[in-house]
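Below is one structure, written out as structure tokens; the observations come after it.
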Amino acid sequence: MDINLVQEKIENDLAGIASLQALEEVRVKYLGRKGLIAELTGSIPALPVEQRVAFGKEVNALKNKLLNFIGEKGKALKAKGGILKKNNLDIGMPGIARELGSIHPITRIIDEICTIFNRMGFSVVQGPEVETEYNNFTGLNIPLEHPSRDAFDTFYLKNYSKLLLRSHTSPVQVRAMKAHKPPLAIIVPGRVYRPDAVDASHLFMFHQIEGFLVDTNIRFSDLKGILGLFAKNVFGQDIKMRFRPHFFPFTEPSAEVDISCIICKGKGCSVCGRKGWLEILGCGMIHPNVFKQVGYDAKKYTGFAFGMGIERIAMLKYGINDIRLFFENDLRFLKQF
Ligand code: PHE
């Protein structure tokens, strides 16, 4: 047997070893009781006398080489956690884990508020951000020439003068009431757009939640009761609420709702401008003219509606002082929620 050929074969075998188990298999194959070295040693007595010593030396040298190699390789494999792949790929190395994300604070507030109203029997409905002038204004008793329309400065779509980016979520009232007969109780979260100059409390895009309920015998006291439950659930059980008369073209009577300042508990501080109260939403009883627009019998049905800015609620709840933080994608900010 040509010892050089044997050695070459062994070296090829050894090169591919990538695990302790494979190394042990090779050890048994060559150094085991019935292994190649034993076989070679066993063949010595059959050789011509003058070749025996030289052959024996070569077999011994080969055996020592093997022992040496297996010892070294074993150490290296153990150091690598027992796994070493070809091409230096170490599959025992720690993986590259994706960082866990967190829920955006605006989404969190929307989910929370929708859950509260869901429990009271409201369904969540969404409407398009590109609206018709009719749904955004006329259907809501806001004639185009009406001065109140100034309060809803609007992005119109170029080349489509009757389409706009909705300036509030109220157009979904028109859509939902045209599509369904009473009774209905609906909540509408979504984005709205107004061409406001950007500062710590204004953006050209923000989120609102609209809510409305229509049935027979719905009174202002129902609205007060529902909003009271909502405010306590979001801001805590000892929050106080007050309704101030206000004007919206699509509700009559209308009101703005304040909660007692969550920072100073009503004593007066810099957050509430020393007033002790924070404005959180607009509301009222749905105007009979809106019912007329959607084809409801205003003598038979009554209902209430309210709308609030989500960013404002989130800022009050979490003590955030700049609305821009919500949309800058700064992970140091977002990771806190
Ligand atoms: N749509 C009004 C706004 O954007 C809020 C509102 C909704 C008021 C429903 C009354 C009833 O300011």
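Tabulated data
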{"item": "Coil-residue trypsin sites (Lys or Arg not before Pro) of segment 30-133, DSSP, other Cβ within 10 Å capped at 13", "result": "ARG33, LYS34, LYS85, ARG98"}
{"item": "Rounded to 10°, Cα long-axis angle of helix 220-235 versus longest principal axis of the chain", "result": "30"}
{"item": "Cα lying deepest toward the dipole's positive end in segment 249-302, options CYS264, GLY282, PRO249, charges on Cβ", "result": "CYS264"}
{"item": "Heavy atoms of ILE262: accessible area, 1.4 Å probe, square angstrom to 10", "result": "40"}
{"item": "Proximal aspartates and glutamates relative to LYS232, as straight alpha-carbon distance under 12 Å, when same-chain residues fewer than 8 apart are discounted", "result": "none"}
{"item": "Rounded, prolate or oblate (a/c below 1.5 giving rounded, otherwise prolate when a/b exceeds b/c) for segment 105-334 by Cα gyration tensor", "result": "oblate"}
{"item": "Value of [θ]222 nm, deg cm²/dmol, for the chain, DSSP H segments ≥ 4, -39500 (n - 2.57) each, nearest 500", "result": "-11500 deg cm²/dmol"}
{"item": "FRET efficiency estimate (nearest 0.05) - Cβ-Cβ, LEU100 to HIS246, R0 35 angstrom", "result": "0.20"}
{"item": "Size of charge dipole - segment 105-334 - debye, nearest 20, with Cβ of Lys, Arg +1 and Asp, Glu -1, no other charges", "result": "540"}
{"item": "Distance-filtered residues of segment 172-208 - backbone nitrogen under 16 Å, label point 7 angstrom along THR107 Cα→Cβ", "result": "189-191, 207"}
{"item": "Cα gyration tensor, segment 3-79 - rounded (a/c under 1.5), prolate or oblate", "result": "prolate"}
{"item": "Fully extended contour minus Cα-Cα distance, from GLU39 to GLN126, at 0.36 nm per residue", "result": "23.1 nm"}
{"item": "Extended-chain gain in nm, criterion 0.36 nm per residue less alpha-carbon gap, GLN237 and ASP199", "result": "10.4 nm"}
{"item": "Where only alpha carbons of segment 94-186 are counted, the Rg and the Dmax (Å)", "result": "18.4, 67"}
{"item": "Of all DSSP beta bridges in the chain, antiparallel share, percent nearest 5", "result": "95"}
{"item": "Across the chain: Cys residues that no other cysteine approaches within a C-beta distance under 4.7 Å", "result": "CYS114, CYS283"}
{"item": "Amide N of segment 15-46 lying under 20 Å from the label point, which is placed 7 angstrom from the Cα of ASN88 along Cα→Cβ", "result": "15-19"}
{"item": "Residue-span extension gain [ALA179 to GLN51] - 0.36 nm each, minus C-alpha spacing", "result": "35.6 nm"}
{"item": "22 Å Cα-Cα reach of LYS9 towards lysines, excluding residues that sit fewer than 8 places from it in its own chain", "result": "LYS29, LYS34, LYS57, LYS63, LYS65, LYS73, LYS85, LYS86"}
{"item": "³J(HN,Hα), Karplus 6.51/-1.76/1.60, whole Hz, each residue of segment 300-316, x for Gly, Pro", "result": "8, 10, 10, x, 10, 9, 8, x, 9, x, 5, 4, 5, 4, 5, 5, 5"}
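The values are calculated or read from the model by the stated rules, or taken from the named source; none is laboratory data. Note that the coordinates shown come from a computational prediction; the quantities given were computed from them, not determined experimentally. No Cβ is skipped: glycine too gets one built from the backbone with ideal geometry, and neighbour counts run over all protein chains shown. Surface accessibility is based on the protein's heavy atoms, side chains included, excluding ligands, DNA and RNA. Shrake-Rupley method; radii C 1.70, N 1.55, O 1.52, S 1.80 Å.
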